[in-house]
Amino acid sequence: MTNAPEDFDLEAELAETAGWDSEVDPEERRDERTDQTTGSMDLAERHALRRVVGLSTELEDISEVEYRQLRLERVVLVGVWTEGTVEDAENSMAELAALAETAGSQVLENVYQRRDKPDPATYIGRGKVEGVREIVRATGADTVIMDGELAPSQLRNLEDKLKVKVVDRTALILDIFAQHAKSKEGQAQVELAQLSYMKQRLRGWGSSLSRQAGGIGGRGPGETKIETDRRRINDKVAKLRRELAHMKTTRQTKRNERRRNSIPSVAIAGYTNAGKSSLLNRLTDAGVLVEDSLFATLDPTTRRTTTSDGRIYTMSDTVGFVRHLPHDLIEAFRSTLEEVAEADLVVHVVDGSHPDPEGQLSAVRAVFADIDASSVKELVVINKADLADPITLSRLRQREPHSVVCSAKTGEGIEDVLAAIEGDLPRPDVDVRLLLPYSRGDLVSRIHDHGEVLTIDHTGDGTLIRARVSEAFAGELELYTLTGTPEA
């Protein structure tokens, strides 16, 4: 028996599909592939598998389906407000909700309480634990996320009382980093931070991790399960540190090469989702991934660009910062964050449309202090001017005199940003007057790339140049230097 209709005609059906292959011009299809940037391809790959609401992973008969969707974790957010205003507490909870959604969860409810300090046993106190347990039962949540870093004992006590998985802010951020890290170095850095965090929080079923093997041959002194796990974690951490040390050497070699050629470096840093990657794309056509989510890009991207007068410099996009960035994460990403500490200029991007841009500035500068980058020259770029309140922009400009307002999305103010960057770049400090033979066009090119040409004249004896160059480059040009007072 067949399911085909009685009047089915194979030739007629095939005739209807005859023009399908010719509907799209192969040249157009090739152009579409060529126009794709690295960022657009990364974004497509990230969205290839999306978590969706309402679909369970527990299927009655998996033989009936070809693919499965991932079910969103249903979470309840809990915070403790110990200082600041009510608005600060609400902003912190809103940020936690954004982190939870970025990690792939559905926020059902959020609660916070005012306390002088967190409870040492359960973080929120025994009474509030009962209230949260009722919320978990009523909403059907399977995870509780705490807006703070929990001690191992607090984590264990909360899970025993709430009967669901409990995750703190640190573990949540680490989970997002693990999802978004793409490069080998980024993945190693995230794994190192996760292992350092996990080592103090090993837990299992009941007291099984504290037991030794039983039966004949298993009695007497020996390692418990938790000791074995910690030893394995320590071995893995040591291996990762060796790998990262090797990668750091490679990164340092590239930095030294840029220094040797006197190429200034600019680091774009700032709060997560402030628009750093969008700004890099707008300034350099880098084509890196841009997404309206927290920690969308983790791996640093460096692009070479030039000033309006032809000087070469590099611009790097760095990992975004956030309030209470986990210490383990800062340590693991220290080699990457050194791009900021060793830059000649930091472009500090802040979201002008955020409810608390001043809080973002303070949080990022706290991380700058941790990585010894406070002394680097800083240019504040207030982004998202198309969405920001003019009163907020005016307040920020008054608080930050050395700042520029722009919109990386619309292009508004980008010329002002470029002019401010060029003005803050270090300038060569040695004034030279040279007569270069026409056979040394390579030196003329290098002066344009790495120096500042003041005057240039083509004479019968060669190219007469007055320029400002670095001290090391001036030594190379000594053979062609003209003595006497330079012409004005």
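The values are calculated or read from the model by the stated rules, or taken from the named source; none is laboratory data. Please read these numbers as outputs of a predicted model, since none were measured by experiment. A quick note on method: Cβ atoms are made from the backbone with ideal geometry, for glycine too, and the neighbour counts reach across all protein chains shown.
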- Note on the structure: Scanning the stretch 144-155 for residues that are part of a helix (DSSP H, G or I) and closer than 20 Å to GLU73 by Cβ gives LEU155
- Item | Residue, nearest to VAL469 (Cα to Cα), within the stretch 301-346, restricted to residues that are of a type in the set (Asp, Glu) and either modelled with pLDDT under 80 or buried (at least 23 other Cβ atoms within 10 Å of the Cβ) (or both) | ASP309
- Select, from LEU202, LEU162, LEU209, the only residue that is under 29 Å from GLN113 (Cα atoms), hydrophobic (A, V, I, L, M, F, W, C) and modelled with pLDDT under 85. LEU202
- Message: Exactly one of these conditions fails for LEU192: (1) part of a strand (DSSP E or B); (2) closer than 26 Å to LEU337 by Cβ. Give me its number.
- Response: (1)
- Message: Looking only at strands (runs of 3 or more DSSP E) that lie completely in the stretch 356-456, which have at least 3 residues being of a type outside the set (Val, Ile, Thr) and in contact (Cβ under 8 Å) with a residue 40 or more places away in the chain?
- Response: 430-436
- Of everything in the stretch 325-355 that's among the hydroxyl-bearing types (Ser, Thr, Tyr) and in contact (Cβ under 8 Å) with a residue 40 or more places away in the chain, which residue is farthest from MET93 (Cα to Cα)? SER335
- Query: Restricting attention to the stretch 457-483, which residues are in a loop (DSSP other than H, G, I, E, B) and touching a residue at least 12 places away in the same chain (Cβ under 8 Å)?
  - Reply: THR459, ASP461, GLY462, SER470, LEU477, LEU482
